[in-house]
Amino acid sequence: MIIFNIDSAALIGPLLKNNAFEQGIALYFNDGKSNRRVKSCREIHEEFEGNGMFTSVFMGFRLTFTDGQELHIHADSNQAAKLLGQPYQINNTASKDLVDWVLG
C-alpha cells in the first residue's frame with residue numbers, strides 16, 4: 001500500500017510506468033482529510049502527424065479514484081494538475097466543528 005498527496009503525486013510516475021496495478025500495489029491519494037483509493041491508471045499520449053509520419057508523445061497519467069474523481073499528472077512539468085470530475089464532497093460540506101466555531 002502506498003499513500004501519496006498532491007505534493008508527491010509526480011513522484012509515483014515511475015511506479016505507474018512499471019505497472020504497479022498489475023503487481024497488486026494498492027495506491028491511495030490523501031487529500032488532507034481522507035485517503036481515496038486509486039481505481040485505475042491510464043497513460044495519456046498525444047499523437048500527431050508530421051511529414052507523413054505519425055508520432056506519439058507521452059503526456060502523463062490520469063488516475064481515477066473509486067469516488068469518480070480523476071487526477072492528471074503531467075509528464076513534462078512533473079507536476080500534478082487539478083482534480084477533474086465531481087467536486088470533492090468533503091470540500092463542499094462544512095464540518096460540524098467548523099460550523100460551531102464560526103457560529104461561536
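Summary of values
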{"quantity": "Gained length - GLU46 relative to ASP7, 0.36 nm times residue gap less alpha-carbon distance", "calculated": "11.6 nm"}
{"quantity": "Phi to ³J(HN,Hα) by Karplus 6.51 cos²θ - 1.76 cosθ + 1.60 over segment 68-74, Hz, x for Gly, Pro", "calculated": "x, 5, 10, 10, 9, 10, 6"}
{"quantity": "Backbone HN-Hα couplings from phi across segment 48-57 [Karplus 6.51/-1.76/1.60, Hz, Gly and Pro as x]", "calculated": "8, 10, x, 6, x, 10, 8, 10, 10, 10"}
{"quantity": "Distant-in-sequence amide H partners of LEU27 (H built 1.01 Å from N, under 5 Å)", "calculated": "ILE2, VAL38"}
{"quantity": "Inter-label distance for GLU22 and ARG62, nm, one decimal - labels placed 7 Å from Cα along Cα-to-Cβ", "calculated": "2.1 nm"}
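Computed from the coordinates by the stated procedures, all read-outs in this text should not be read as laboratory data. The structure presented is a predicted model; accordingly, all values stated were derived computationally and were not measured. Because the Cβ atoms are built from the backbone with ideal geometry, glycine has one as well, and the counts that use them run over all protein chains shown.
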